[in-house]
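See structure below.
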Amino acid sequence: MITTHRAVTAVVSGMLFLQAMSGQAIGRKEFFDRLQEAWNNIQTFQSDVVQESRYADGIVQRFSGKLALAEDGRIAYDYNLLGEYKDESLKRPGSEAPSKNTGSPDKKDYSSSTSGSYRAQSDLVVQYLPEQNVLLEGPEDESLLIQVFRSMLGSGNFDVEKFKEDYKVERIEELKLEDGTPIYKMVATPRKGSDVFKWISQAGNQEIAWQQELWVEQSTLRPIKAVLLSDKESTSVQLRNSKINQKVDENTFLIPVKEGTQPPKLKKGSSNQQLSARQKEFQGKPLDEIEVEDGGN
C-alpha cells in the first residue's frame, strides 16, 4: 500500500497541486502543541474519503469511502472501488503478480475486494468483505489503514507524544493547495522498535524506505490528507466534506452484513485460500472465531 516518489507526485499534480512557500514558518514545538489542541477538540468526526493505492506491479486503484469516528473512539470505514488501471511507469522488475485460477478469465486478482467495511473498537478491527461474505478479525495495531485514521484524528491512544515516540519528524513544510488553502505537510519516518517499524519487519520489508506524510490546514490544523510512501508502493487518504463534533448515527457502526446471511465464522488455522494476498494482509495473526448476529434479524 505504499509507491515511488514519482507516483505520489502524479497523485498530487492534479487537484491537489502544491505550491511551495518560503521556508518553514512554524517551529516543531508550536506545530505539535497546536496539533494536540486540534486533536483534543475532535470528539466526533465524519468525512468522505478518497483513497488511492499504487502498487509495484503498476496497478493503480482509486476508492471512495465514508469515515466516522464516535466519541468513544470507535471507527467505521466503508469503501468502494471507483476504478483501476495500469501505469507502466510504476512497474518494478519481478513485481508481476503470479497468475491464479480465479474461475473467471475476466476476474483480476490484483488487490483486496472492490468494496468492504472496517469496524474498529477496543483494539480490535473487523473487516467485512461482502463479495466473499466473510469477516476478518485482527488486532488494531496490525491494521495499517485504521492506524492512519488514528494518526490523522488523534483518536484512541494516539496522541502527539506517541507519534513523536514512534516517528522521527524529518521536516514540516508550508505549502498551498491549488485552491490557495495554506497547509502544513509533516514528513516522518518510523523509528526502530516502534509498532509501525515492527509491522514492516514482520511483513518482510525490513529494507524498504518508509515515509508517512500528514497534511493539515494551517489555520485549524485539521487533517486533510495522509500519505504512506515506500520505494515501491504508496497509499494516500484524502478527507473531504468533514464534519466535526456533529452527532453520528449509531447504526453507522454496525457491520453491514448481507441481509438474511451470516458470514462464516473464521477460526485459527482456517484455510483462507479464497482470499487474495492483499486481503490476507489485513488479517495479521491467525483469526479467532468471530461471533456474528444474523444479518436478517
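Under the Karplus relation 6.51 cos²θ - 1.76 cosθ + 1.60, θ = phi - 60°, what is the ordered set of whole-Hz ³J(HN,Hα) values for the range 134-141, x standing for Gly and Pro?
Along the range 134-141, the couplings run 10, 10, 10, 10, x, x, 4, 6 Hz.
Round to a whole angstrom and tell me the spacing of the C-alpha centers of the range 207-238 and the range 245-264.
29
Ranked by Cβ crowding within 10 angstrom, fewest neighbours first, how are V227, V248 ordered?
Least crowded to most crowded, the residues run V248, V227.
Count the net charge of all other residues whose Cβ sits under 15 Å from the Cβ of G180, scoring Lys and Arg as +1 and Asp and Glu as -1.
With Lys, Arg at +1 and Asp, Glu at -1, the neighbours total -3.
Near the amide H of E233, under 5 Å away, which other amide H atoms are found, from residues 5 or more places off or on another chain, if H is placed in the peptide plane?
So E233 has HN proximity to I2, T3, T4.
Residues with beta-carbon under 12 Å from that of N41, excluding N41: net charge, scoring Lys, Arg +1 and Asp, Glu -1?
Residues close to N41 contribute a combined charge of +1.
Of the peptides 211-221, 164-174, how do they stack up when ordered by the mean number of other Cβ atoms within 10 Å, highest first?
211-221, 164-174
In sequence order, what are the phi-derived ³J(HN,Hα) couplings for the range 39-56 according to the Karplus relation 6.51 cos²θ - 1.76 cosθ + 1.60 with θ = phi - 60°, rounded to whole Hz, with x for glycine and proline?
After applying 6.51 cos²θ - 1.76 cosθ + 1.60, I find 4, 4, 7, 8, 9, 10, 8, 9, 7, 7, 10, 10, 10, 10, 10, 10, 10, 5 Hz.
Count the net charge of all other residues whose Cβ sits under 10 Å from the Cβ of D123, scoring Lys and Arg as +1 and Asp and Glu as -1.
Its environment carries a net charge of -2.
Points 7 angstrom from Cα along the Cβ direction at L81 and E37: gap in nanometres?
Simple spin-label model gives 4.5 nm for this pair.
Values in this text are rule-based calculations from the coordinates and carry no lab data. What you see is a predicted model; the values in this text were computed from it and never measured. Note that we place each Cβ from the backbone using ideal geometry, even for glycine, and neighbour counts take in every protein chain shown.
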